[in-house]
Amino acid sequence: MDKKIKERMNMKLAEKIFNERKRLGLSQEQFAEKMEVSRQAVSKWESGQSMPDLDKLVLMSQIFGVSTDYLLKDEGTDVSIETEFMETDVKLTDMDSLEKTARFEQDSPAPQSEKTARLLNKEELEEYRAISFKASRKIALGVFLCIFGLVSCVGVNMFFEPKGIDTNLPAAILLLCVAIAVGLFVSSGMQMEKYMFLKTDQFHLPETEEKQLAAEYGEYHRKFSKNITIGVVLCIFSVIAYLLCSSIGQIYDNVIWDEYIAIMVLFTVIAIAVYIFVASGVKKDYYDILLQQNAYTRHLKKERSEKNDIMGVVAGAYWCIVTAGFLAYSLITGDWGRSWIVWPVAGCLFGAISVLITLCEPKSRDASKSVSYTHLTLPTILRV
């Protein structure tokens, strides 16, 4: 291919990427996130400094709602990407097959097509926003109370154990905190039930609202990153605070500081960090769900709906057993000050169980049909 023609095709592609991105009202950062690349990569594509790999090009065509032919062909010349595929021993039929396979993997075309997907109106979006933001606070507070209930148990034992008084007050406080937390979880779940279809079904947003939502997400993403940083710092600080309190107890031979206050400080700071994590995460999910990105892209929705049934049953049974074991041991032995260790251990084990379930799941037939095309790049296809 003539060098000038190749350069022209390169610039035409860059121009189309820029125009289509602007048409969708996406910033380079937002588009980069959808493409799972850096903003710098998008900038180079739009300036013609580099060209996207073929797998990225197929994903790009799906985001823009156009064909790969539209992106690759230069209407001003008789030369098309098809000719170059023949020159590089890649047949046009392979290109068609590749695009169909990638589209099947990415979008999993369901009976519910784009044309029949539900269009959310402005009132529904405002209601979902109010419910989601309220739920973020409720769920975060519920998780905070579950952790703080353990802190309260240790605090009560700090007053009664040295005096040799055996009491069930720690159990009562813990159950009260858990009961309030469950109430918050159930209340949030019932309010969110109306919009659960957003996590599994295809839908459209009005163009104006989608652009506004994308702009809001760009601002919130920076706040989200800051909150996560604060939460991580608090988790690290909790360990430091625990070691300091424990050291004070050891230096002054004070059991209260060594065994009680140290643990209370540790879990209080962790509870605050977890509150920040959960509240920020639920809000981020609100944007991800409506913009259908990250964990809520179209092809992941189908996978999630298939896996939720298994994980729901396992999680329900697992945590019921853990809770029953914790209460039985604590009530029988009265060792509330140490039985809290059950929860972090159970959490780690549940993570391992989740991974095992995922690994043991049979690969779908769709995955077996996938084609590896990451080695194909447009510079290779367009080479002279």
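Can you spot a residue in segment 331-338 that is within 17 Å of the chain's Cα centre (by Cα), modelled with pLDDT under 85 and not in a helix (DSSP H, G or I)?
Scanning segment 331-338 turns up no residue that is within 17 Å of the chain's Cα centre (by Cα), modelled with pLDDT under 85 and not in a helix (DSSP H, G or I).
Filter segment 128-145 down to the residues that are out of contact with any Phe, Trp or Tyr (no Cβ under 8 Å at 6 or more places or on another chain) and surrounded by fewer than 19 Cβ atoms within 10 Å (Cβ to Cβ) and list them by number.
Once the filter is applied, which keeps residues that are out of contact with any Phe, Trp or Tyr (no Cβ under 8 Å at 6 or more places or on another chain) and surrounded by fewer than 19 Cβ atoms within 10 Å (Cβ to Cβ), segment 128-145 yields Ala130, Lys134, Arg137.
Name the residues in segment 244-262 that are modelled with pLDDT of 85 or more, of a type outside the set (Gly, Ala, Ser) and under 19 Å from Leu150 (Cα atoms), would you?
Answer for segment 244-262, where residues must be modelled with pLDDT of 85 or more, of a type outside the set (Gly, Ala, Ser) and under 19 Å from Leu150 (Cα atoms): Cys245, Ile261.
Could you grab me the full set of residues in segment 54-72 that are surrounded by fewer than 18 Cβ atoms within 10 Å (Cβ to Cβ) and farther than 15 Å from Thr297 by Cβ?
Residues satisfying the conditions are Val66, Ser67, Asp69, Tyr70.
Which one is nearest to Ala179 (Cα to Cα), of the residues in segment 348-362 that are touching a helix residue (DSSP H, G or I) at 6+ places or on another chain (Cβ under 9 Å), in a helix (DSSP H, G or I) and at pLDDT below 75?
In this case the residue turns out to be Phe350.
Go through the residues of segment 4-27 one by one and say whether even a single one is closer than 24 Å to Glu216 by Cα, at pLDDT 55 or above and touching a Ser or Thr at 6+ places or on another chain (Cβ under 7 Å).
No, segment 4-27 contains no residue that is closer than 24 Å to Glu216 by Cα, at pLDDT 55 or above and touching a Ser or Thr at 6+ places or on another chain (Cβ under 7 Å).
Does segment 248-270 contain at least one residue that is within 30 Å of Arg129 (Cβ to Cβ), in a helix (DSSP H, G or I), in contact (Cβ under 8 Å) with a residue 60 or more places away in the chain and hydroxyl-bearing (Ser, Thr, Tyr)? Outline the logic, then answer.
First, pick out the residues of segment 248-270 that are within 30 Å of Arg129 (Cβ to Cβ): 270.
Those left that are additionally in a helix (DSSP H, G or I): 270.
Restricting the remaining residues to those that are in contact (Cβ under 8 Å) with a residue 60 or more places away in the chain gives 270.
Now narrow it down to the ones that are hydroxyl-bearing (Ser, Thr, Tyr): none.
Checked segment 248-270: no residue is within 30 Å of Arg129 (Cβ to Cβ), in a helix (DSSP H, G or I), in contact (Cβ under 8 Å) with a residue 60 or more places away in the chain and hydroxyl-bearing (Ser, Thr, Tyr).
Any residue in segment 35-63 that is part of a loop (DSSP other than H, G, I, E, B) sitting within a Cβ distance under 6 Å of a residue that is surrounded by fewer than 18 Cβ atoms within 10 Å (Cβ to Cβ) and not aliphatic (A, V, I, L, M)? List the pairs, counting only those 6 or more apart or interchain.
The qualifying pairs are Ser50/Lys44; Met51/Pro379.
Suppose we keep only residues that are surrounded by fewer than 19 Cβ atoms within 10 Å (Cβ to Cβ) and acidic (Asp, Glu) within segment 24-45. Which one would you say is nearest to Ala214 (Cα to Cα)?
Checked segment 24-45; the qualifying residue nearest to Ala214 (Cα to Cα) is Glu29.
Condition check ((1) within 30 Å of Ser136 (Cα to Cα); (2) in the same structural domain as Ala140 (by TED's automatic domain parsing); (3) out of contact with any helix residue (DSSP H, G or I) (no Cβ under 8 Å at 6 or more places or on another chain); (4) surrounded by 19 or more Cβ atoms within 10 Å (Cβ to Cβ)) across all residues:
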residue: Phe237; (1), (2), (3), (4): yes, yes, no, no
residue: Ile248; (1), (2), (3), (4): no, yes, no, no
residue: Tyr252; (1), (2), (3), (4): no, yes, yes, no
residue: Ile256; (1), (2), (3), (4): no, yes, no, no
residue: Ile263; (1), (2), (3), (4): yes, yes, no, yes
residue: Tyr275; (1), (2), (3), (4): yes, yes, no, yes
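Between a first residue in segment 192-206 that is surrounded by 14 or more Cβ atoms within 10 Å (Cβ to Cβ) and a second residue that is of a type in the set (Val, Ile, Thr), which pairs have beta carbons less than 9 Å apart while being 6 or more apart in sequence or on different chains?
Cβ pairs passing all conditions: Met192/Ile131; Tyr195/Ile131; Tyr195/Ile289; Leu198/Ile289; Lys199/Ile289; Gln202/Thr116.
The values are calculated or read from the model by the stated rules, or taken from the named source; none is laboratory data. Computed from a predicted model, the values in this text were never measured in an experiment. Here the Cβ is made from the backbone with ideal geometry for all residues, glycine too, and neighbour counts use every protein chain on show.
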